[in-house]
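All remarks here apply to the structure that follows.
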Amino acid sequence: MTDSHTTHDAEDDPRNRDILIYVNGEILHRDAAKVSVYDSGFMLGDGMWEGMRLHDGVWAFFDAHMDRFFESCKAVSLDPGMDRDAIMAALTRTAGANGMTTDVHCRLMLTRGVKARPFQHPSLSRSGPTLVIIMEHSRPADRLQTAGITLATVPQVRGLPHSQDAKFNSHSKLNCVIACLQAEQAGADEALMLDPHGFVNTTNACNVFIVRKGEVWTSTGDYCMNGVTRAKVIEICRENAIPVHERNFSLVDAYGADEAFLTGTFGAQTPVASIDGKPIGDGTRPLTTRIRALYKQAIERHMAARKGLHL
């Protein structure tokens, strides 16, 4: 589909053709940045990652991202080999090498490292972890805020936590890729994934919110991704007397919503135009617009506070 969109659509920036990438302490041109075919991330998807945004020299909600990152690594016995201060130093070094200060998206990736033999057992990863930091000049495409995203409900579901917990920002994304393919085959931009009980849960890439009669609804959180932006939106609603509920809701509730939007680090809040071909609301999206403005203010306060710490 040549005219499809995703929540990660960005304005083209020619500077990204020559970005420098951090690979295990080295800063390399993107054409020279490589990992081994024996790396556990390539071979098995054995690793964790974080997506972060750089705003005017400040990594937005860095501590929340690091809380999620280190908690996920601990849960799978993956030792990053560095603390959050060392990760911040690596981020600062990479951004400096690229001359980047704002409108930057970062994907920080950690794998269990190079394996001694091409098999599954974690003990075969003996050389230490692999850490890669990719930063791009990246502004979300403006058209997404007007046109919105189209969703299609897909057969692929977000599974039970004891199969593969969605709270892991894991390199193992086949579940999401299958959902994305199913949505594309249905003629939609992204997939709407249900939980094991049939309630609305997430898309293949983002968490989901709907607005009904002035109230904001999102999933219970039992099966969804542990989204930093999701948590911030819930916090913002509570601070600004906007009724917000983490609850089970069905497709019937979603189809009849006045507004719907997705949350993610890259796109912040991306409006949903339709679900399964059914238009959502009348397209005015007043509460989504208000939440988006409040979120921008939260980032500005966060930036001011972080800069104050370094004066």
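One table, with the values for the structure above:
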| quantity | calculated |
| --- | --- |
| Residue count for the stretch 215-241, restricted to those that are in contact (Cβ under 8 Å) with a residue 24 or more places away in the chain and over 29 Å from PHE69 (Cβ atoms) | 1 |
| Condition met for VAL200 (buried (at least 22 other Cβ atoms within 10 Å of the Cβ), within 21 Å of HIS65 (Cα to Cα) and touching a residue at least 12 places away in the same chain (Cβ under 8 Å)) | no |
| Residue count, the stretch 226-247 (criterion: over 19 Å from PRO271 (Cβ atoms) and under 22 Å from the mean Cα position of the chain (by Cα)) | 7 |
| Residue within the stretch 133-144 that is surrounded by 13 or more Cβ atoms within 10 Å (Cβ to Cβ), closer than 29 Å to LEU194 by Cβ and modelled with pLDDT of 95 or more present | no |
| Any pair with Cβ under 8 angstrom, 6 or more apart, that starts in the stretch 285-304 at a residue that is more than 12 Å from ILE242 (Cα to Cα) and ends at one that is of a type in the set (Ser, Thr, Tyr) | TYR295/THR229 |
| Residue that is surrounded by the most Cβ atoms within 10 Å (Cβ to Cβ), among those in the stretch 97-115 that are in a loop (DSSP other than H, G, I, E, B) and in contact (Cβ under 8 Å) with a residue 24 or more places away in the chain | ARG112 |
| Residue under evaluation GLU215, criteria (1) of a type in the set (Asp, Glu); (2) touching a Pro at 6+ places or on another chain (Cβ under 6 Å); (3) surrounded by 22 or more Cβ atoms within 10 Å (Cβ to Cβ), criterion not met | (3) |
| Any pair with Cβ under 9 angstrom, 6 or more apart, that starts in the stretch 163-183 at a residue that is at pLDDT below 95 and ends at one that is surrounded by 15 or more Cβ atoms within 10 Å (Cβ to Cβ) and among the charged types (D, E, K, R) | ALA166/ARG158; LYS167/ARG68; ASN169/GLU50; ASN169/ARG68; SER170/ASP46; HIS171/ASP46; SER172/ASP46; ASN175/ARG158 |
| Subset of the stretch 279-299 that is closer than 25 Å to MET225 by Cα and of a type in the set (D, E, K, R) - its residue that is surrounded by the most Cβ atoms within 10 Å (Cβ to Cβ) | ARG285 |
| Scope the stretch 129-156; condition farther than 17 Å from GLY267 by Cβ and either assigned to a helix (DSSP H, G or I) or more than 18 Å from the chain's Cα centre (by Cα) (or both); matching residues | PRO129, THR130, LEU131, ALA152, THR153, VAL154, PRO155, GLN156 |
| Top-ranked residue of the stretch 248-267 - restricted to ones that are among the β-branched types (Val, Ile, Thr) and touching a strand residue (DSSP E or B) at 6+ places or on another chain (Cβ under 6 Å), ranked as surrounded by the fewest Cβ atoms within 10 Å (Cβ to Cβ) | THR265 |
| Matching residues in the stretch 165-192 - criterion: being farther than 16 Å from GLY267 by Cβ and part of a loop (DSSP other than H, G, I, E, B) | ASP165, ALA166, LYS167, PHE168, ASN169, HIS171, SER172, LYS173, ALA186, GLY187, ALA188 |
| Of the criteria (1) surrounded by fewer than 23 Cβ atoms within 10 Å (Cβ to Cβ); (2) under 30 Å from HIS137 (Cβ atoms), which one THR270 fails | (1) |
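The values are calculated or read from the model by the stated rules, or taken from the named source; none is laboratory data. Predicted model, so just to flag it, every value in this text is computed and none were measured. We place every Cβ from the backbone using ideal geometry, glycine too, and count neighbours over all the protein chains shown.
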